[in-house]
Amino acid sequence: MWSVVSANELPVGERFDWFSDTLSREVVPTALSTDRPADFQAEAAVLDLGELRMAMLGFSPLDSRRTPALIRRGDPGQYQLGLMRGGRARLAQQRNECEVGAGDILLWDTSRPSDVRTGSEDGLVRLAMLQLPRELLPLPHDRLTRLLARRIPGNDGVAAVLTSFVNALENHGGQCSPEQLRHLGTTALDLVAASLAQHLDAEDHLPAEVRSRALIQRIHAFIDHNLADPELTPSVIAARHHMSVRALHQLFRQQGEGESVQGRIRRRRLERCRADLARPALCAHPVQVIAARWGFSGPSVFSRTFRRMYGVSPREYRELSVKGAWA
């Protein structure tokens, strides 16, 4: 589950020092400075993903410097990947420099000096950060150096899948068991590696199993994005990912945890319908409209499929949800 701490519980005058100490202790020794320490706010939440950790940070604008002396004081030997959720940042490392905003991704190395300046017109800078032990990334380190302090758009290619995955972890990771979180950590690592490899044009350097696991995550994201299309079929999915239908089915047999392509589409459509049926704001929408919205071909097919999955009809489920009787 998420481990959450907030500076709001401290006197105003102690908040900046608390955040500086916490960051140096829990992440890496870093020299922080801010123009307005008396107004400083910060919050942090950490999720353990086995060999990886994910941190959700929110803080008032500040500057951060990691010097050779601080590296000698403490270095976890990590690549750290940040997804900007709000605000902006300018990062300089290894003779590279970039400026990023909300939705962008950036990579830095804890073993190299760095300078960061952050800002926000809306209050807090918000950052999702993955702490990645250097030896876990299956890419040549001399190639990875090229991406340090380089802006990576988070809405394109595998990076977009990684962004969606991080969003899902933020919303649902706290409900997972330690074993599930370790599995999600492996998926996060695969997506990071695949995203960085794509930007380096180095996919061939990835182990075959990493490419396969990253590919199925891309396919899962494609399915979720296109559930409303009644023409979503294995043929369409295979063509979009430049593979044969046979190869797609084989990938699902190897990586799909016992779920077929059609089974995945059906389950995700049912989950979206179920969520809509439980929303009071959609009570006036007929069941068949909700079913059609998520790609079901007709009300009778939807009703049978829904009852088979959940044991009640869609209308019965809606009534139970409105009454608060469905657990």
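Tell me whether the range 64-144 comes out rounded, prolate or oblate; compute the Cα gyration tensor, take square roots of the eigenvalues as a ≥ b ≥ c, and use a/c under 1.5 as the rounded threshold.
Details: a/c = 1.92, a/b = 1.48, b/c = 1.30.
Judged from the Cα gyration tensor, the range 64-144 comes out prolate (a/c at least 1.5, a/b above b/c).
Quick one: Cα convex hull volume of the range 276-323, Å³ per residue? The partial results should precede the final answer.
Values: hull volume 3.0 nm³, N = 48.
Taking the convex hull of the Cα positions in the range 276-323, it is 63 Å³ per residue.
Mind checking which of 295, 313, 273 is farthest towards the positive end of the range 250-327's charge dipole, using Cβ charges of +1 (Lys, Arg) and -1 (Asp, Glu) about the Cα centre?
295
About the Cα centre of the range 165-214, how large is the charge dipole given +1 on each Lys and Arg Cβ and -1 on each Asp and Glu Cβ? Please answer in debye to the nearest 20. Before the final figure, lay out the partial values.
Values: 3 positive and 7 negative charges, 33 e Å.
Charge dipole of the range 165-214: 160 debye, to the nearest 20.
Going by alpha carbons, how many degrees (0 to 90, nearest 10) lie between the helix axis of 245-255 and the longest principal axis of the chain?
Its long axis makes an angle of about 60 degrees.
Residue by residue through the range 74-80, which ³J(HN,Hα) values in whole Hz follow from phi under the Karplus form 6.51 cos²θ - 1.76 cosθ + 1.60 (θ = phi - 60°), with glycine and proline marked x?
For the range 74-80, the Karplus curve yields x, 9, x, x, 10, 8, 10 Hz.
Using label points projected 7 Å from each Cα along Cα→Cβ, tell me how many nm separate residue 240 and residue 179, to one decimal.
A separation of 3.2 nm, rounded to one decimal place.
Compute the long axis of helix 299-310 from its Cα atoms, compare it with the longest principal axis of the Cα atoms of the chain, and write down the angle in degrees, 0 to 90, nearest 10.
60
Give the range of the longest stretch in the chain that excludes all GluC sites (Glu not before Pro) found in loop regions by DSSP and having at most 12 other beta-carbon atoms within 10 Å.
On the way: sites that count: 121, 231, 257.
After excluding every exposed loop site, the longest remaining stretch is 1-120.
Quick check: residue separation of residue 281 and residue 249 times 0.36 nm, minus the Cα distance between them. What number comes out in nm? Can you show the working numbers first?
On the way: separation 32, 0.36 × 32 = 11.52 nm, distance 3.82 nm.
In short, 7.7 nm is gained.
With each label point set 7 Å from Cα along the Cα-Cβ vector, what nm distance links residue 288 and residue 260?
So the label points at residue 288 and residue 260 sit 2.8 nm apart.
In Å, what Rg and Dmax follow from the Cα atoms of the chain?
Every Cα atom of the chain included, Rg and Dmax give 22.5, 69 Å.
Between helix 157-172 and the chain, what is the angle of the helix's C-alpha long axis to the longest principal axis, kept within 0 to 90° and rounded to the nearest 10?
Around 90 degrees separate the two axes.
Just 280, 230, 76 to compare: in a GNM of the chain, with alpha carbon springs under 10 Å, which one fluctuates most?
280
By the gyration tensor of its Cα atoms, with a ≥ b ≥ c the square roots of the eigenvalues, what is the shape of the range 111-180: rounded for a/c under 1.5, prolate for a/b over b/c, or oblate? Please report the intermediate quantities before stating the final value.
Values: a/c = 1.65, a/b = 1.12, b/c = 1.47.
Oblate, since a/c reaches 1.5 and b/c is not below a/b.
Taken together, the values in this text are just the output of simple stated rules run on the coordinates, not laboratory data. Computed from a predicted model, the values in this text were never measured in an experiment. No Cβ is skipped: glycine too gets one built from the backbone with ideal geometry, and neighbour counts run over all protein chains shown.
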